[in-house]
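Trainee: Before I ask anything, here is the structure I am working with.
The values are calculated or read from the model by the stated rules, or taken from the named source; none is laboratory data. None of the values given here were measured: they were computed from a predicted structure. Positions of Cβ are backbone-derived with ideal geometry, glycine not excepted, and every protein chain shown enters the neighbour counts.
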Amino acid sequence: MHKALSNSDIAPCLTAIMPVYNEASTIAEVIRSEQTASVTLLQRRIRLGYTRAARIMDELEGLGIVGPSKGAEPRDILIRDFPFDLWFMTSN
């Protein structure tokens, strides 16, 4: 049988997860408000490094949320109402 988890068991997990969840939520808000997406936009607005921002853009492209890179131009948003909560839960 499994022991029921108490709040003290769950708290460390939530503490570890919340920064990542908040980042996913912030990414969603930036993309929705700007109506475009780019590595540079994520770097500036969320203060991410290039590697992390580029990896996130690759993930979003792979999911069909944003279009392919167009050089220096921002990417097109293909899905406007994507459930970023689900993306967060599957990508981590």
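Trainee: For region 36-73, give me each residue that is in contact with a strand residue (DSSP E or B) (Cβ under 6 Å, 6 or more places away or on another chain) and over 16 Å from GLU23 (Cα atoms).
Mentor: Once the filter is applied, which keeps residues that are in contact with a strand residue (DSSP E or B) (Cβ under 6 Å, 6 or more places away or on another chain) and over 16 Å from GLU23 (Cα atoms), region 36-73 yields VAL66, GLY67.
Trainee: Hey, another quick one. Among the residues of region 18-72 satisfying the criterion of being assigned to a helix (DSSP H, G or I) and among the basic types (Lys, Arg), which is surrounded by the most Cβ atoms within 10 Å (Cβ to Cβ)?
Mentor: Only one residue tops the list, namely ARG45.
Trainee: Assigned to a loop (DSSP other than H, G, I, E, B), within 14 Å of the chain's Cα centre (by Cα) and either at pLDDT 85 or above or surrounded by 10 or more Cβ atoms within 10 Å (Cβ to Cβ) (or both): is that true of PHE88 in this structure?
Mentor: No, not satisfied.
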